[in-house]
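The values are calculated or read from the model by the stated rules, or taken from the named source; none is laboratory data. Bear in mind the structure is a predicted one, so any value in this text is a computation, not a measurement. As a convention, Cβ positions derive from the backbone with ideal geometry for all residues, glycine included, and neighbour counts pool all protein chains shown.
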Amino acid sequence: MGMVITLRKLSKTIFPIIVVVLAAVVLFVFDNNDSDCPAYVSFSTGERGASLFFDTLRHMGYPVRQGTSPVYRFASTQDAYIIIEPSSPRVDMRIAEEMITWATMGGKLVFLQNDLTYFELLLDGGIVYSNLTIYEVGQGMIITGRTREITNRGLIDNARTGTALHSFITHWDVDNIWFADYYHGFGARSNLFTRLPAVVQLVFVQMILVGVILVWHLGKRFGNAVPYYEETEREENEHVHALVRLYMKARKR
C-alpha cells in the first residue's frame, strides 16, 4: 500500500517535469530569435530599419504586408513588392531578370540599393524623379533608388524619397504591398529543425507524440484500480431446464 502511494506521488512529480522538458525542447527547436533584427527590414526600429515607412503606409490605409516569399515570375501581378538592400539572398543577374519578367506582366517593384543595381544594367529609358529612377516595363513598373533615403534615419532627416514613393504608390491599384523581408533571411526561417532532412523531422515529431502518449498512458496506471466485473452468460433455454428440475422434484414427492 505504501509503495502504491509512493508511486502515485512520484508520477505526479515526474509527469509535470516531463511535460516541461518536452515544451522546452519544442520551444528551442522552433524558436527564431528576432532580438537581433537586421537592417532594412519592415519591423526594425533601428536607424537603418524600415519600420517608419512601413508603419506610415499602414496607418494611411495601404494594404502593406511583411513578405516572406521571393519575387518570381509566378508571383501575383496584382501585388507590389518593396525590396530594400537585399542581403540574404543577394539579387544577382538571374534573379533580376526573373523580377523584370514578372514586372513586365503587370507587377510593381520598388528596388532600393546603395550600390549599382542589375536593373540599371538591364533596363534603359528610365525617368529620374527626385532620388528615384522609374522604368515602365510592359504592363508594370520598376522603381530603383538608394537605400539610405528610405531608412528610419533617412526619412527623419529628409522625407523627400518617401514622399516621392508615396506619389507612385497612391496610383497603384494593387491587392497587397509586400515589404520583402524574405531577402534578409526571413523566408522559410532556418533553424536546427528545418535544417534536418524531412524524414528525420517526421521521426522527431513522431517520437515526441509517442513520448507524450506513453507518459499519459502509463500515468493512468498509478491511479485507483478499476474493478472488473465478469458477466455470466445465460443460456437461451435456461428457464426450461429450471422448470424441468422443479417438475421432477414435485413428482418425487
Going through region 55-69 one residue at a time, which ones are modelled with pLDDT of 90 or more and part of a loop (DSSP other than H, G, I, E, B)? MET60, GLY61, TYR62, PRO63
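A quick yes/no check of all residues on (1) within 22 Å of VAL174 (Cα to Cα); (2) crowded, with 18+ Cβ neighbours inside 10 Å:
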{"residue": "ARG58", "(1), (2)": "yes, no"}
{"residue": "VAL71", "(1), (2)": "yes, yes"}
{"residue": "GLU85", "(1), (2)": "no, yes"}
{"residue": "VAL110", "(1), (2)": "yes, yes"}
{"residue": "LEU132", "(1), (2)": "yes, yes"}
{"residue": "VAL137", "(1), (2)": "yes, yes"}
Exactly one of these conditions fails for GLU149: (1) surrounded by 16 or more Cβ atoms within 10 Å (Cβ to Cβ); (2) under 19 Å from VAL71 (Cβ atoms). Give me its number. (2)
